[in-house]
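These notes concern the structure reproduced below.
Coordinate-derived values only; no laboratory data. Keep in mind that this is a model prediction, so the values were computed, not measured. No Cβ is skipped: glycine too gets one built from the backbone with ideal geometry, and neighbour counts run over all protein chains shown.
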């Protein structure tokens with residue numbers, strides 16, 4: 001089911017005028033916090049959202065980037081912060 005969801009998300013992004021895999025502003029914000037090592041509970045408290053919403057953001061990021069775990073997202077987000085590293 002995950003590959004189908006990933007394809008659907010990519011198609012939806014294209015139809016919205018974005019590029020496949022493009023993260024929303026909120027998803028980029030969540031990814032940056034994942035790079036800081038925050039848990040879903042900590043994300044929820046910081047962003048004033050439910051834990052379930054935080055979990056959904058993480059799942060959407062994973063699907064859009066084609067990653068399988070939050071450590072990959074954290075590494076991706078950390079690399080994007082550094083100007084000398086190209087992700």
Inset, instruction - Please determine, by comparing only the residues of the range 53-74 that are farther than 15 Å from residue 33 by Cα and free of Cβ contacts under 8 Å to residues at least 24 places away in the same chain, which one is farthest from the chain's Cα centre (by Cα). - result: 68
Inset, instruction - May I ask you to list the residues in the range 20-36 that are closer than 17 Å to residue 67 by Cβ and touching a helix residue (DSSP H, G or I) at 6+ places or on another chain (Cβ under 7 Å)? - result: 20, 21, 22, 23, 27, 30, 31, 32, 33, 34, 35
Inset, instruction - Please find, within the range 26-52, the residue that is surrounded by the most Cβ atoms within 10 Å (Cβ to Cβ) out of those that are more than 13 Å from the chain's Cα centre (by Cα) and part of a helix (DSSP H, G or I). - result: 44
